[in-house]
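The values are calculated or read from the model by the stated rules, or taken from the named source; none is laboratory data. What you are looking at is a predicted structure, and each value in this text was computed from that prediction instead of being measured. Cβ coordinates were reconstructed from backbone atoms using ideal geometry, including for glycine residues, and neighbour counts include every protein chain displayed.
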There are 4 protein chains.
Amino acid sequence: MSDSLLGPMFGTPGGDALLAALLETEAALARAQARYGVIPAAAAETIAACCRPGSYDAAELGRRAVRHASMVVPLVAELRARAGDAGRYVHQGATSQDVVDTALSLVAARRLDAIGTDLAAVADALAALADDHRATVQIGRTLLQQALPTTFGLVCAGWLVGVDEARAGLSRVRAERLAVQLGGPVGTVADLGGYGVVEAVAADLGLAAPVLPWHTTRNRVAELAAALGIAAGALATVALDVALLSQGEVGELAEADPGGSSAMPHKRNPARAVLVTACAHRAPGLVATILAAQPQEYQRAAGRWQAEWPVLTDLLGTAGAAAGHARAMLTGLRVDTDRMRANAAAAPAPDVGGLVDRALRNHREQP
Amino acid sequence: MSDSLLGPMFGTPGGDALLAALLETEAALARAQARYGVIPAAAAETIAACCRPGSYDAAELGRRAVRHASMVVPLVAELRARAGDAGRYVHQGATSQDVVDTALSLVAARRLDAIGTDLAAVADALAALADDHRATVQIGRTLLQQALPTTFGLVCAGWLVGVDEARAGLSRVRAERLAVQLGGPVGTVADLGGYGVVEAVAADLGLAAPVLPWHTTRNRVAELAAALGIAAGALATVALDVALLSQGEVGELAEADPGGSSAMPHKRNPARAVLVTACAHRAPGLVATILAAQPQEYQRAAGRWQAEWPVLTDLLGTAGAAAGHARAMLTGLRVDTDRMRANAAAAPAPDVGGLVDRALRNHREQP
Amino acid sequence: MSDSLLGPMFGTPGGDALLAALLETEAALARAQARYGVIPAAAAETIAACCRPGSYDAAELGRRAVRHASMVVPLVAELRARAGDAGRYVHQGATSQDVVDTALSLVAARRLDAIGTDLAAVADALAALADDHRATVQIGRTLLQQALPTTFGLVCAGWLVGVDEARAGLSRVRAERLAVQLGGPVGTVADLGGYGVVEAVAADLGLAAPVLPWHTTRNRVAELAAALGIAAGALATVALDVALLSQGEVGELAEADPGGSSAMPHKRNPARAVLVTACAHRAPGLVATILAAQPQEYQRAAGRWQAEWPVLTDLLGTAGAAAGHARAMLTGLRVDTDRMRANAAAAPAPDVGGLVDRALRNHREQP
Amino acid sequence: MSDSLLGPMFGTPGGDALLAALLETEAALARAQARYGVIPAAAAETIAACCRPGSYDAAELGRRAVRHASMVVPLVAELRARAGDAGRYVHQGATSQDVVDTALSLVAARRLDAIGTDLAAVADALAALADDHRATVQIGRTLLQQALPTTFGLVCAGWLVGVDEARAGLSRVRAERLAVQLGGPVGTVADLGGYGVVEAVAADLGLAAPVLPWHTTRNRVAELAAALGIAAGALATVALDVALLSQGEVGELAEADPGGSSAMPHKRNPARAVLVTACAHRAPGLVATILAAQPQEYQRAAGRWQAEWPVLTDLLGTAGAAAGHARAMLTGLRVDTDRMRANAAAAPAPDVGGLVDRALRNHREQP
């Protein structure tokens, strides 16, 4: 198994996050099964104690994973060996896809939390700009041509609504759609100890409990991908306009820390806007790949499930990078209100305070 | 303007639905402006009376639209001419994108309603199968290989959850995200008569009222596309398994009305499953195209907005066709329980009634 | 079978082209089989005489096609009925996919010929601009910022190379990859009369003869799609820059027939550039859909083949529309050399005549 | 600059290949400029001697690259420092995109060479199977249903043609389309020393010399991506059928080293076919992303160029992994001719030797 299939393998930064999540999942499963009397409480304690990721040689586990064409088989073997007599209670009733899917949900959950922080900062920055510039006249442009006056605050309010709507979508996915996966080899939950165990693992890990095992019901993965794609698009919308408004010929905006050029010191490149654009550009194709992987065969897919993990890794990474760059792009963004007024031929600013307030109110109502 | 750009043009079935929706939008705008005293009540009545689509020569309007590179300009001109003295109150304060986006939301709303009916029938059929076959043993298969026993009812319950989750996503988009668009040339709402007019048009047309005009804030369109893509994927998941289980060598399912072959009368083609698969296959690429169109320039895009309408038309059409074929595929689906038992080597059915009930309960809770 | 699956159905413009191509294919097959003594020469003459598309009621055939879930079955039945005693020699040894794939190759061939004409005009226009403006100074821009001087002629030469390379790709596909399909139900060519018949049909229709039947070897379709996608991209590259250079703040280019605005008569919209951009935007998702359809099952696919026809129709349509709009965009394009000089701060033009000549020479060498 | 944007950064395996290629490019440029008298011969020797990648601390250079938001700026600075007096002749007249694009062409060229080796082995294996089983009867299947007899050799011949056509496409791209990039900041080749330098660098590095600099003429990149996507599709076509024919209920093929299952020792998973499918599944979305990046602004893009490198890295990786897995899948593939005969109801094998020979002849004619 090539690591280009598996995505980041143990021993790389992305892979180590997965390794930690796999171990967390095994520990949570053991604890839940102990609570329901499926395995002895002492065994669960021993297993959980063996699940500290720092004590594993990630690179060596990665090599074994590639050799076994499975991330889970060598990890469970190692965990069983460490747990001694409790080893036979490790991974009880579970199948490899159970722990991989649960671990991916965990990894995604943490990435979404981090992305959410950056997106909140982006939204707050846009809200401040909208408020400050609610009466700063700017010429509106349609089809790249000057049209009629608007205000820069209203423009920022429009960007803000897009980012806030994207945040709402990600929050919903985080809370409701990132779920544990526990069903056993063909999804009957037979040897796991009942649905209560599934719910206990979910509560333990801070994930949702699904209606049924979702081994080949991949709506959840598709919804995660779509929400990330839409968030990248909302950020790219802002970056596109920032780059256009930073054109020398327009001159209304400039990044605080523009990328320079050794050969051309007069240039003020919209460096962060370019990076947001580049990161976001990758998202639609990745989303389509996840959507095309939705139909999966029988009780475990023969290829499309295996394709999900590297694609989701890329998507979480590129959407996250877009959010980080967008935050930096807006930090200290220079607004040249004189140039805006001049480009608008000194037209009076239209009264759009009410519209701006609608966007700010909507922003404050975000969770 | 080529009609391959615009998508279905007036004078074709898809285009006529758009024409009707454009006229409905103009009528609703006039009524709302009359209510707020922006235009005379009598003018609104005259305008609304002139907005019956049947009285227009759609093909001729289509030709004019192509000539003017605009669907709205010649339509408004014609409407003004018909309205006589009330003509000067037509389309007041609106811009072309306002009425096009609103009309597209209306067209999408009606298509979603129709798709929702087919999807509900699909879900009901799956719920009945899940209930009837909760104890019908079937061999579970992973990586296309026989694994351990499950029941056909649980398999149907898994399909059902996917379809119900997709329905929930479409319902949310229908209720909250299909919105009127009203902002005027650069989105300031300046000459429309205030935000109350926007809300009145929304109420009149059964659409949501947006926080702000969304001329270049395209999250709504992206969310619609994503929900359609996920629904197509949920249907394709069922169709993939129906086709596989209908293989002669497996023999567990057969469509009631299989496609035949003149040359090979013994064949029982899974004709509807093939059609669902074909329709759904088109969705991910269309969704990606909509997502890639999300970043739009300034106050009106220079190309990506114009690309949305034909793509959305295709996506609504292909997802809708998938739903229709899926409904037909399940109608009278023949389940060969003897063959299922034989393929499972007569193993006893696992007890999965509790899981099936979870899916049925979730199904009943769908709106 | 929904016509949204099949793409344009008989009785619509796109569908009628397919109907004519299907009839041409049946006629060519009969002639070739007569030449090889597989069927009587008189029968072939009768069959060919019955294959004039104008004599068929396309709309009625379209209705029957939908009812039979096949475009070919009712058409062959009608053709057999018309041919009387020769009817039993119609479609001999062929399978439905044979004639559909051959007809699609024919339709594509004619569309490529038409697109090639528009692309040649686009390239000629760019070559003239490159030649005329080889010494017209223009400021080069990187990351949307002014950088160092170049000439507008060299910029046009770069566009020209892209368009010429795209033309070369389409020419190769047209000559070598659009092929007849003839193999019979499972591709053994058994009852068609030998491979000589395949080659004769290919020569008759002006298509390539394949190594083997390609029912589920879809490289040819994928190569066609890719070449169309790349051509759309080459055109969009020009359109993107034309739109940017037409910004009021830049003012270096203007379309001869800019789209206007009733509300804002001062605007000079880059209307054709916008249309090229919109048309080209649809291509990548359609190409991906064709590529994803490449893996097809066994001797006839269960869904992905059926998805190809509407997607290819859209792709040929949107790439063709992009070429037509690009041609119009360049016709009479106004180049404001004063503004170029001013934007370049009156810097001297660099000597790039040699580079321009390289592009012009490459252009003249295109077939 | 996030490394999720840049793709594999120096200090990781993929990034180190790029680092080596960047240094090779700088060395080749110096040598070519020396040959044309642009820089002193001794300086070129010194520079080339400083370009051994092993002597650089890749991880540290990677950190500096991220800090400078450029892979090239800190590398050139380091190279200049090492070259002492010759340092001022480093990178003369070049721009960052010149060396990055050239290095990417080099990296791609080597990956294509390696992929070509695996694809040749795949094709040879298929040719041997086609030859051996030209008369082994197998039931042809259409729409997943048994249809009429063919032979397994003809089926393999069909797969072979697809793989050989894909190889031809990659060979053409390797020979003609992977090119050096040298144009300087806005593509005028001004300070590089003339077009002879460009051609000398191309000859030195084994790459093509372009008609013009292609900073924003990205056909070459799009053609590379398309050829990789088509190759992945050709491999996935084989893998799809291998997986289907390996179903227990069909039983005609089995991989020599099937993936097992600890819980279910009777299973014989088509492990490599699954991996080929998974790897190939990622390709269409990546190709679409490259195609969508084709339109780039002015003389250097503001986002879409920057998105290419990680996407191409993924595409080369996933197509390469698909080729490697396909080779392993076919090595020792077990063909159960008894089962094939039984599934075909002992029908006689059709005579398709002539068709098989056509495919074998085509295979032998591949370069």
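Restricting attention to segment C:179-196 and to residues that are farther than 16 Å from C:His215 by Cβ and not in a helix (DSSP H, G or I), the residue that is farthest from the other protein chains (Cβ to nearest Cβ) turns out to be C:Gly193. Looking at the structure I just gave you, is A:Leu160 away from every other protein chain (no Cβ under 11 Å), within 30 Å of A:Ala121 (Cα to Cα), within 20 Å of the chain's Cα centre (by Cα) and of a type in the set (A, V, I, L, M, F, W, C)? No, not satisfied. In segment C:42-69, the residue that is nearest to the other protein chains (Cβ to nearest Cβ) out of those that are within 25 Å of C:Ala302 (Cβ to Cβ) and touching a Gly at 6+ places or on another chain (Cβ under 8 Å) is C:Ala69. With respect to the conditions (1) farther than 25 Å from D:Leu275 by Cβ; (2) within 28 Å of the chain's Cα centre (by Cα), A:Met9 lacks only one, and its number is (1). Look at (1) buried (at least 23 other Cβ atoms within 10 Å of the Cβ); (2) of a type outside the set (Phe, Trp, Tyr); (3) free of Cβ contacts under 8 Å to residues at least 60 places away in the same chain; (4) part of a helix (DSSP H, G or I) and you find that D:Leu286 fails only one, number (3).
Per-residue answers, yes or no, for (1) at negative phi; (2) in a loop (DSSP other than H, G, I, E, B); (3) free of Cβ contacts under 8 Å to residues at least 40 places away in the same chain; (4) more than 8 Å from chain B (Cβ to nearest Cβ):
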position: C:Leu235; (1), (2), (3), (4): yes, no, no, yes
position: C:Leu240; (1), (2), (3), (4): yes, no, yes, yes
position: C:Val274; (1), (2), (3), (4): yes, no, yes, no
position: C:Ala302; (1), (2), (3), (4): yes, yes, yes, no
position: C:Glu308; (1), (2), (3), (4): yes, no, no, yes
position: C:Leu316; (1), (2), (3), (4): yes, no, no, yes
position: C:Gly320; (1), (2), (3), (4): yes, no, no, no
position: C:His325; (1), (2), (3), (4): yes, no, no, no
position: C:Ala328; (1), (2), (3), (4): yes, no, no, yes
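Going by the conditions given, is B:Thr150 free of Cβ contacts under 8 Å to residues at least 24 places away in the same chain, touching a strand residue (DSSP E or B) at 6+ places or on another chain (Cβ under 6 Å), within 11 Å of chain A (Cβ to nearest Cβ) and not aromatic (Phe, Trp, Tyr)? No. When segment D:332-344 is limited to residues that are in a loop (DSSP other than H, G, I, E, B) and more than 14 Å from chain C (Cβ to nearest Cβ), the one that is modelled with the lowest pLDDT turns out to be D:Gly332. Report yes if some residue within segment C:70-86 is of a type in the set (S, T, N, Q) and either touching a Phe, Trp or Tyr at 6+ places or on another chain (Cβ under 6 Å) or modelled with pLDDT under 95 (or both); otherwise report no. Scanning segment C:70-86 turns up at least one residue that is of a type in the set (S, T, N, Q) and either touching a Phe, Trp or Tyr at 6+ places or on another chain (Cβ under 6 Å) or modelled with pLDDT under 95 (or both).
Somewhere in segment C:254-273, is a residue at pLDDT 95 or above, of a type in the set (A, V, I, L, M, F, W, C) and surrounded by fewer than 21 Cβ atoms within 10 Å (Cβ to Cβ)? Within segment C:254-273 (the criterion being at pLDDT 95 or above, of a type in the set (A, V, I, L, M, F, W, C) and surrounded by fewer than 21 Cβ atoms within 10 Å (Cβ to Cβ)), the answer is yes, since at least one residue qualifies. From the list B:Ala322, B:Ala283, B:Ala347, the one residue that fits, being modelled with pLDDT of 95 or more and over 16 Å from the mean Cα position of the chain (by Cα), is B:Ala347. Applying the set (1) modelled with pLDDT of 95 or more; (2) surrounded by fewer than 23 Cβ atoms within 10 Å (Cβ to Cβ) to B:Gln366 leaves exactly one unmet item: (1).
Number of residues in segment A:136-159 that are over 13 Å from A:Asp241 (Cβ atoms) and touching a Gly at 6+ places or on another chain (Cβ under 7 Å): the value is 6. When every residue of segment A:277-293 is checked against the conditions, none turns out to be more than 7 Å from every other protein chain (Cβ to nearest Cβ) and touching a Pro at 6+ places or on another chain (Cβ under 6 Å).
With respect to (1) assigned to a loop (DSSP other than H, G, I, E, B); (2) out of contact with any Asp or Glu (no Cβ under 6 Å at 6 or more places or on another chain); (3) not acidic (Asp, Glu), the lone exception for D:Gln366 is condition (2).
Look at D:Ser55 and say whether it is of a type in the set (S, T, N, Q), modelled with pLDDT under 95 and farther than 26 Å from D:Glu308 by Cβ. In short, yes. When you go through B:Gly140, B:Gly62, B:Gly54 one by one, which is the residue that is out of contact with any helix residue (DSSP H, G or I) (no Cβ under 7 Å at 6 or more places or on another chain) and crowded, with 22+ Cβ neighbours inside 10 Å? After ruling out the rest, the residue left standing is B:Gly140. Only one of the numbered conditions (1) at pLDDT 95 or above; (2) assigned to a loop (DSSP other than H, G, I, E, B) is not met by B:Glu176, and that is (2). One residue stands out among those in segment B:197-217 that are under 19 Å from the mean Cα position of the chain (by Cα) and part of a loop (DSSP other than H, G, I, E, B): the one that is nearest to the other protein chains (Cβ to nearest Cβ), which is B:Leu207. Only one of these is closer than 18 Å to A:Val107 by Cα, at the interface with another protein chain (Cβ under 10 Å from one of its Cβ atoms), out of contact with any strand residue (DSSP E or B) (no Cβ under 9 Å at 6 or more places or on another chain) and surrounded by fewer than 24 Cβ atoms within 10 Å (Cβ to Cβ): A:Arg220, A:Arg172. Name it. Going through A:Arg220, A:Arg172 in turn, just one is closer than 18 Å to A:Val107 by Cα, at the interface with another protein chain (Cβ under 10 Å from one of its Cβ atoms), out of contact with any strand residue (DSSP E or B) (no Cβ under 9 Å at 6 or more places or on another chain) and surrounded by fewer than 24 Cβ atoms within 10 Å (Cβ to Cβ): A:Arg172.
Keeping to segment C:325-346, report how many residues are surrounded by 24 or more Cβ atoms within 10 Å (Cβ to Cβ) and not hydrophobic (A, V, I, L, M, F, W, C). Number satisfying all stated conditions: 1.
Given the residues C:His91, C:His133, which is the only one that is over 27 Å from the mean Cα position of the chain (by Cα), modelled with pLDDT of 95 or more and closer than 30 Å to C:Pro185 by Cβ? Result of the check over C:His91, C:His133: C:His91.
For segment D:133-147, name all the residues that are away from chain C (no Cβ under 12 Å) and free of Cβ contacts under 8 Å to residues at least 40 places away in the same chain. Within segment D:133-147, no residue meets the criteria.
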